[in-house]
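The values are calculated or read from the model by the stated rules, or taken from the named source; none is laboratory data. In this text the structure is predicted, and so the values were computed from the model without any measurement. Heads up, the Cβs are rebuilt from the backbone with ideal geometry, glycines too, and the neighbour counts pull from every protein chain shown.
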Amino acid sequence: MSGSTWLDRHVGAVAIIDSQNRVAGIFTERDVLRKMALSGADPEKTPVRDVMTTPVELATLATGPGEALAIMLERHFRHLPVVDHDGKLLGMLSIRNVLQWRVDDLTQELDSLEQYVANDGPGGD
């Protein structure tokens, strides 16, 4: 994938998979900055395996959004690969996805509370 394609698609991280489709590493924008740009390494001659982050923290289908958010905030991750029970990549979760879920959840909760108050909840006439 060329650099312009990454930018066009707003991709900030890619999972690197091995021959069994298991996540072997993750290559992120931060890796490009810290390990490529700041070191002066030649991107044409540097294998991804030399600059990818490994080991990788993984989410599974059993990982809830709140747990994923806690992991991402605690460890300063912006991306979390999601794998199946065999460790095979299913997709990539971004902090933006999780925060949007949280905003939607809080908005729904606020709407429910406003509806409750509007229907003359406890303390009303």
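Numerical summary
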{"item": "Failed item, numbered, when LEU58 is tested on (1) of a type in the set (A, V, I, L, M, F, W, C); (2) at pLDDT below 85; (3) within 24 Å of GLU29 (Cβ to Cβ)", "result": "(2)"}
{"item": "Given (1) surrounded by 12 or more Cβ atoms within 10 Å (Cβ to Cβ); (2) not in a helix (DSSP H, G or I); (3) not hydroxyl-bearing (Ser, Thr, Tyr), number of the condition ASP105 does not satisfy", "result": "(2)"}
{"item": "Cβ pairs under 8 Å, 6+ apart, first in segment 59-88 and at positive phi, second basic (Lys, Arg)", "result": "GLY87/ARG22"}
{"item": "Among residues of segment 34-48, those that are farther than 19 Å from MET92 by Cβ and not in a loop (DSSP other than H, G, I, E, B), counted", "result": "4"}
{"item": "Only one of LYS88, LYS35 that is surrounded by 12 or more Cβ atoms within 10 Å (Cβ to Cβ), farther than 19 Å from GLN100 by Cα, charged (D, E, K, R) and modelled with pLDDT of 90 or more", "result": "LYS88"}
{"item": "Given (1) part of a helix (DSSP H, G or I); (2) surrounded by 15 or more Cβ atoms within 10 Å (Cβ to Cβ); (3) out of contact with any Asp or Glu (no Cβ under 8 Å at 6 or more places or on another chain); (4) at pLDDT 90 or above, number of the condition ALA70 does not satisfy", "result": "(2)"}
